[in-house]
1. Estimate the FRET efficiency between ASN115 and SER95 by the formula 1/(1 + (r/R0)^6), using the beta-carbon distance for r and 45 Å for R0, to the nearest 0.05.
2. Just for the chain, what percent of DSSP beta bridges are antiparallel, to the closest 5?
3. Once Lys and Arg get +1 and Asp and Glu get -1 on their Cβ, which of LEU85, VAL21, ALA48 lies farthest toward the positive end of the dipole of segment 19-149?
4. Can you work out the Karplus-derived ³J(HN,Hα) for every residue in segment 62-69? Use 6.51 cos²θ - 1.76 cosθ + 1.60 with θ = phi - 60°, whole Hz, and x for glycine or proline.
5. Please compare each pair in LYS164/LYS224; LYS66/LYS217; LYS114/LYS134; LYS176/LYS217 to a cut-off of 23 Å on the Cα-Cα distance and tell me which ones are over it.
6. Heavy atoms of the protein only, probe of 1.4 Å, neighbouring chains included. What is the accessible area of ASP67 in Å², nearest 10?
7. Note down the nm distance, to one decimal, between modelled labels 7 Å out along Cα→Cβ at LYS45 and at ARG23.
8. Could you tell me which of rounded, prolate or oblate describes segment 1-92, using a ≥ b ≥ c as the square roots of the eigenvalues of the alpha-carbon gyration tensor, with rounded for a/c under 1.5 and, failing that, prolate when a/b is larger than b/c and oblate otherwise?
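The values are calculated or read from the model by the stated rules, or taken from the named source; none is laboratory data. Remember, predicted model here, so these are calculated numbers, not experimental data. Heads up, the Cβs are rebuilt from the backbone with ideal geometry, glycines too, and the neighbour counts pull from every protein chain shown. Note: areas computed on protein heavy atoms with side chains; ligands, DNA, RNA excluded. Shrake-Rupley method; radii C 1.70, N 1.55, O 1.52, S 1.80 Å.
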Amino acid sequence: MFNPEIGAYIAVISHARSRNVERQQSIVGPATWYTGLGEEEEYKKAGAAAVVEVGPLCESRNAALKDAWDRGYPCIELSDDLTNLEVLHMGEWQSGKEKCFIDCAKEILRVMTKNGAYLGGIAPTANKFYYHAKRPLHTNAFIVGDFIVVRDCGLWFDEAFTLKEDYDYTLQHIQKFGLVVRANYILASFQHRKNAGGVVEYRNQKTEQENILRLKKKWGKLIKDNPRRPNEVLMDVRSSG
């Protein structure tokens, strides 16, 4: 759904979580919800502004991109379990509801345009401990799929992935355009594994390892195992040169 204040199309990628509609829209405003098949009625009953039934994760992501770009807008894709947003402004962390989301989205679009990036996003963790004032932006780092902004660029999510598709999509952008933009001064909190539905329904060690193997086969040395976190990977773009 187009948000005129931001100048972008707002899409929420969701499955079996209609209970999240009210809270999510209180933070991001009206959005189009991309859901699993047969879920439209329950999401509309829950108050979803618009619903598009698609199915699997990456197919839903690509449907949202197509709908936005066909209308001539950048696409903002969000996970459906956002609970809080914070942004560093004038040395202080500020939070809030819809106004904070609008400010954050406009800021990501601003730095994307300034730097010539087609994919932008937020810090990968909501922990302020990891924020460094000397590194407010990263242009070659992982863009977590929970809150992404994508300008029309002709790059699509690889539908062979059922998890970790955001690593692949980040690398696609770096490969084609030489950069992405991550605004490390924007923090977002999500429920994720505590929240039934979505990819939680099939996330397990087997599916994690299948998708990690797919990443390694596609990107080689750019993907490494995370030695501190089982079933997680690290992206090392230094290996590309």
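1. Values: r = 26 Å, r/R0 = 0.57.
It comes to 0.95.
2. Numbers: 23 of 38 bridges.
Antiparallel bridges make up about 60 percent of those DSSP assigns within the chain.
3. Most positive-ward Cα: LEU85.
4. Ordered by residue, 3J(HN,Hα) equals 5, 5, 5, 4, 4, 4, 5, 5 Hz.
5. On the way: LYS164/LYS224 13 Å; LYS66/LYS217 27 Å; LYS114/LYS134 19 Å; LYS176/LYS217 19 Å.
From LYS164/LYS224; LYS66/LYS217; LYS114/LYS134; LYS176/LYS217, over 23 Å: LYS66/LYS217.
6. Answer for ASP67: close to 40 Å² accessible.
7. My value for the distance between the label points is 2.0 nm.
8. Working: a/c = 1.92, a/b = 1.31, b/c = 1.47.
Oblate shape, in that a/c is at least 1.5 and b/c is the bigger or equal ratio.
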